Amino acid sequence: MDQLVIEGGRPLRGAVRIAGAKNAVLPLMTAALLAPGRHVLRNVPQVVDVRTMSRLLQHLGVRVESVDEGRTLYLDSSLLERVEAPYDLVKTMRASVLVLGPLLARKGRAQVSLPGGCAIGARPIDQHLKGLQALGAKVELEHGYVTVKGASLKGACLRFGISTVTGTANVLMAAVFAEGRTLLENAACEPEVVELARALQQMGAHIEGEGTEVITVDGVERLKPFDWEVIPDRIETGTFLAAARMNPGEILVEKCRPADLQSVIEKLRATGLRVEENGNSLWVKGEGPIRSVDVKTGAYPGFPTDMQAQMMAVLSIGEGIGVVTETIFENRFTHVSELRRMGAHIQVEGRTAIVKGGPWLSGAPVMASDLRASACLVLAGLAAKGATTISRVYHLDRGYEAIEMKLRGLGASITRVRV
Ligand code: EPZ
C-alpha cells in the first residue's frame with residue numbers, strides 16, 4: 001500500500017496541465033460497446049479507473065489498445081463475447097454499471113453485479129433500472145446481480161425521480177436504437193453527460209437537448225465508431241485552484257475548461273482567490289486571509305459535490321465560519337474526522353458541517369476513505385505545519401493522474417512511499 005508524505009508550508013508556483021476527465025472518459029468507453037469497429041479516445045487520463053474499465057471491456061470481448069503512454073485508447077467492439085460484468089470488477093468501480101445501457105441496446109441483454117454502496121452513500125441504481133424498464137426492458141435482481149433483457153426497445157417518455165449522472169448516461173445509451181422517440185426528463189446536465197451525447201451524435205445518434213433537463217432521442221438502426229477527445233477534468237482543475245487558495249504563490253492551470261467550473265471559481269473568488277481566465281487556462285493567486293464562505297452542493301451548474309471535501313479543507317484555515325451543506329450524498333463527510341486530527345474545528349449536524357476556520361493546521365498521520373476525501377487531505381497536508389502522512393492513497397489514484405508529480409512540479413514537498 002502506498003503512502004504520501006507531505007511537508008507542509010511550501011509556496012506553490014508554476015504551471016500544471018489538467019488531464020482528461022475521469023467522469024467523462026468512463027461513459028465514453030462504454031459507449032464504444034454500441035457500434036462495431038475501432039473507436040478512438042484521445043486525452044485519456046492515466047488513472048486507475050480507466051485501467052479497470054479497460055479490463056471490464058476486455059472481459060466483454062472488446063479489443064483495447066493503449067498507445068501514446070495510455071493517452072490514446074483504441075477500442076474495437078466488433079466481437080462481443082459476453083454481456084455480464086462480474087462482481088470482482090464491479091466491486092472496485094461503481095461506474096461498471098454504465099455497461100448496462102449499451103449492452104442492452106446492442107445485444108438485447110446485460111448482467112451486472114449490483115454495485116454495493118460505498119464510503120459516501122448507498123448509491124442505489126433504481127433510477128437506471130426504472131429508465132431501462134420504461135424502454136421495455138425486463139429487469140431481474142437475484143444473487144447480487146441485475147439482469148436486463150429486451151430485444152427490441154421502444155421509445156418512451158420517462159422522468160428521473162432524482163437527477164442522476166450515470167443514470168442519465170445509461171438510459172441515454174440504451175435509447176439510441178429504441179424504436180421511435182424517447183424523452184428523458186429531469187436529465188442530468190453535467191458537462192460529462194453533454195460530452196457523451198455529443199460523441200453519440202458523432203456516431204450517428206439522433207439526440208437533442210443535451211445539457212438541459214429534457215433530452216430527446218430518436219432511435220436509429222445503427223451507429224459508427226467515434227474518434228473523440230476527452231474534455232479536461234473540472235474537478236482536478238478545482239482541486240488545484242483550492243491548493244492555490246491555501247498556499248502562498250501563484251499557479252497557471254493549463255489545458256482546462258473554465259466554463260465547466262464557474263460555480264467553483266466564483267466560490268473561491270469569494271474566499272479571496274485571484275482568478276484570471278484566459279481561454280483554456282486559468283491564472284490563480286491566493287492573497288491575504290481566506291474569507292470563510294458558505295457552500296451548498298447541487299446538481300450542475302450548482303457547486304459540485306466532488307469539490308465539497310476540497311472546499312472544506314480551504315475553510316478549515318479560513319478567518320471565520322463557513323457552513324457546508326451536502327445535498328447529493330448522505331455520507332460525504334468522511335474527511336471531517338481526519339481534518340479534525342489535523343486541528344480543524346468542524347461540527348457536523350446531519351448533512352451540514354459548520355467549519356470554524358483556524359490560523360493553521362498541524363501535520364498528522366491520516367487515512368483516505370474515498371477519492372475526493374483523499375484530495376482534501378492532500379490539500380490540508382500542503383498547508384499544514386509539519387509532516388502529514390496519508391495512507392490508502394489507492395483511493396486518490398482512481399481519479400487523479402500523478403498528483404504528487406504535478407504538485408512537486410509546483411514546489412510542494414510530497415513523496416510517495418511504498419509500505
Ligand atoms: C457521478 O456518480 C460521478 N461518478 C460522481 O463522482 C459524482 O459525485 C456524482 O455523479 C454526482 O455528481 C461518475 O460519473 C463515474 P448520481 P453517480 O447518480 O452517477 C442518487 C467522483 O468522486 N441516486 O448523479 O453514481 C444517489 O444516491 C465520483 O468522481 C439514486 O437514488 O451519481 C445520489 O444521492 C463520486 N438512484 C444522487 O442520486 C439512482 O438510480 C446523485 O447520484 C441513481 C442515483
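Worth pointing out:
- Restricting Ser316, Ser337 to those that are open to solvent by 10 Å² or more (accessible area, probe 1.4 Å), more than 24 Å from Pro258 (Cα to Cα), assigned by TED's automatic domain parsing to the domain that holds Leu407 and away from the ligand (no atom under 15 Å from the Cβ) reduces the list to Ser337.
- Counting only residues that are open to solvent by 10 Å² or more (accessible area, probe 1.4 Å) and farther than 14 Å from Leu377 by Cβ, region 403-415 holds 7 of them.
- Lone unmet requirement of (1) in contact with a strand residue (DSSP E or B) (Cβ under 6 Å, 6 or more places away or on another chain); (2) open to solvent by less than 30 Å² (accessible area, probe 1.4 Å); (3) within 16 Å of the ligand (Cβ to nearest atom) for Pro258: (3)
- When Leu183, Leu200, Leu132 are checked against the criterion of being in a strand (DSSP E or B) and more than 10 Å from the ligand (Cβ to nearest atom), a single residue qualifies: Leu183.
- Test: residue in region 84-100 that is more than 25 Å from Ile125 (Cα to Cα), touching a residue at least 40 places away in the same chain (Cβ under 8 Å) and out of contact with any helix residue (DSSP H, G or I) (no Cβ under 7 Å at 6 or more places or on another chain): no
- Evaluation of Glu81 against the conditions (1) in contact with a Leu (Cβ under 6 Å, 6 or more places away or on another chain); (2) surrounded by fewer than 17 Cβ atoms within 10 Å (Cβ to Cβ) shows that the sole unmet condition is (1).
- On the stretch given as region 133-153, residues that are crowded, with 20+ Cβ neighbours inside 10 Å and within 27 Å of Leu371 (Cβ to Cβ) total 1.
- Of the residues making up region 288-307, those that are under 14 Å from the mean Cα position of the chain (by Cα) and within 9 Å of the ligand (Cβ to nearest atom) are Ala299, Tyr300, Pro304, Thr305, Asp306.
- In region 156-177, the residues that are of a type in the set (A, V, I, L, M) and surrounded by 24 or more Cβ atoms within 10 Å (Cβ to Cβ): Ala169, Val171, Leu172, Met173, Ala174, Ala175, Val176
- Here region 135-154 is the region considered, the condition is being in contact with a helix residue (DSSP H, G or I) (Cβ under 7 Å, 6 or more places away or on another chain) and more than 13 Å from the ligand (Cβ to nearest atom), and the residue that is farthest from Ile207 (Cα to Cα) is Gly144.
- Val366 being away from the ligand (no atom under 16 Å from the Cβ) and either under 19 Å from Gly302 (Cα atoms) or not assigned by TED's automatic domain parsing to the domain that holds Arg398 (or both): no
- Residues in region 66-78 that are of a type outside the set (D, E, K, R) and without any contact (Cβ under 8 Å) to a residue 40 or more places away in the chain: Ser66, Val67, Gly70, Thr72, Tyr74.
- Pairs, first in the same structural domain as Val293 (by TED's automatic domain parsing) and touching a residue at least 40 places away in the same chain (Cβ under 8 Å) in region 340-361, second acidic (Asp, Glu) and surrounded by 17 or more Cβ atoms within 10 Å (Cβ to Cβ), C-beta under 8 Å, six or more apart: Ala353/Glu326
- Close pairs (8 angstrom Cβ cut-off, 6 or more residues apart or separate chains): of a type in the set (A, V, I, L, M, F, W, C) in region 120-132, near the ligand (Cβ under 6 Å from one of its atoms) anywhere: Ile120/Phe329; Ile125/Gly167
- Those residues of region 341-368 which are more than 30 Å from Val419 (Cβ to Cβ) and buried (at least 18 other Cβ atoms within 10 Å of the Cβ), in sequence order: Ala353, Val355, Gly357
The values are calculated or read from the model by the stated rules, or taken from the named source; none is laboratory data. Since this is a predicted model, take the numbers as computed values, not measurements. Counting neighbours? That spans all protein chains shown, and the Cβs are built from the backbone with ideal geometry, glycine included. The accessibility values were calculated without ligands, DNA or RNA, using every heavy atom of the protein model including side chains. Shrake-Rupley method; radii C 1.70, N 1.55, O 1.52, S 1.80 Å.
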